Amino acid sequence: MTGQIAKLAGLIRHSRRVVVFTGAGISTESGIPDFRSPGGIWTKMMPIEFSEYLVDRGARRESWRRRFEMEETWNAIRPNDGHQAVAELVARGIASHVITQNIDALHQASGVPDDRVIELHGNTTYAKCLDCGTRTEIAAIRARFEAEGEPPDCDLCGGIIKTATISFGQPMPQDEMARAQVATEACDMMLVLGSSLGVYPAAGFPLLACRCGARLVIVNREPTPQDRFADLVIHDEIGPTMRLVIAAL
Ligand code: NAD
Ligand code: ZN
């Protein structure tokens, strides 16, 4: 363990520009279950596909009902040592960007500036009109839902409002994909924290980093399909590992 910590600290010290790539695993220590664990969010209910959300009012009601059920959890969670370590790498100018698959906004909550976080799968802490992009707060939608029994449509254009997340079957956000590509091509080390690297196109970024000649480091509790491409793999908990790495820099 200590050998691996020292090796990761050394790789970071010798990098010009690190990009951190995170998945659900960095947030489990904050109390949000990841994708795969038993009892995880998706093992309990079938995800609602984007196409269903568009055409079916019932699916939209069910989707909002689930979202409101999670409201207390999303509001109560706080960044953990893993997020703090990533924020430290950004604050020290070591990491240029954080590309995340998470929708929990914990990187921003830990102090990473908005323009350094690239959210590939969106953000569940607010909602957007699918047509005009206008932002609406969750609490306002909840109040209307509770009063009218239906989630509201957009006040400006009448379009459908949805949490600002990317659902199954929904196109990837073009701006974020483009920013993630530019950041990846410019880095000389990609540090993957807590992703099973099984969800594409997101999982393509570590591979792109490798193709561009960057070093790849993976910290994950269990093996991933990309371990064989990595210069260093640490199969351990993210928070304790990254706390020691920062202390060793
Ligand atoms: P995943 O669930 O497929 O993989 C998470 C990985 O992290 C697993 O391999 C697991 O072993 C590992 N892990 C969990 N806790 C860890 C810890 N404390 N230390 C080290 N490793 C740990 O997650 P993914 O690759 O991000 O893909 C899941 C999809 O679900 C993503 O698209 C994401 O958008 C979504 N999701 C997001 C959240 C969130 O925002 N926090 C939570 C669940 C799912
Ligand atoms: Zn609108």
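The values are calculated or read from the model by the stated rules, or taken from the named source; none is laboratory data. A quick note: this is a predicted structure, and the numbers were derived from the prediction, not measured. Heads up, the Cβs are rebuilt from the backbone with ideal geometry, glycines too, and the neighbour counts pull from every protein chain shown. Areas reflect the complete protein model, heavy atoms only, side chains present, ligands, DNA and RNA absent. Shrake-Rupley method; radii C 1.70, N 1.55, O 1.52, S 1.80 Å.
Miscellaneous remarks
- Among residues of the stretch 183-212, those that are more than 12 Å from Arg17 (Cβ to Cβ) and open to solvent by 50 Å² or more (accessible area, probe 1.4 Å), counted: 4
- Top-ranked residue in the stretch 122-137 [being touching a strand residue (DSSP E or B) at 6+ places or on another chain (Cβ under 6 Å) and within 15 Å of ligand 1 (Cβ to nearest atom); ranked as farthest from Thr184 (Cα to Cα)]: Tyr126
- If you go through the stretch 80-110 and keep only what is open to solvent by 20 Å² or more (accessible area, probe 1.4 Å), in a helix (DSSP H, G or I), among the hydrophobic types (A, V, I, L, M, F, W, C) and within 30 Å of Met46 (Cβ to Cβ), you end up with just Ala109.
- Residue, nearest to ligand 2 (Cβ to nearest atom), within the stretch 141-151, restricted to residues that are within 29 Å of the chain's Cα centre (by Cα) and without any contact (Cβ under 8 Å) to a residue 12 or more places away in the chain: Arg144
- Unique match (being within 14 Å of ligand 1 (Cβ to nearest atom) and in contact (Cβ under 8 Å) with a residue 60 or more places away in the chain) among Val19, Val86: Val86
- Of all the listed residues (Val98, Val112, Val55), the sole one being of a type in the set (A, V, I, L, M) and within 19 Å of Leu216 (Cα to Cα) is Val98.
- Filter result for Ile77 (buried (at least 16 other Cβ atoms within 10 Å of the Cβ) and out of contact with any Gly (no Cβ under 8 Å at 6 or more places or on another chain)): no
- Of all residues in the stretch 125-140 being part of a strand (DSSP E or B) and within 13 Å of ligand 2 (Cβ to nearest atom), the one that is most open to solvent (accessible area, probe 1.4 Å): Arg135
- Subset tally (residues that are at pLDDT below 95 and either over 27 Å from Ser196 (Cα atoms) or open to solvent by 40 Å² or more (accessible area, probe 1.4 Å) (or both)) for the stretch 40-74: 12
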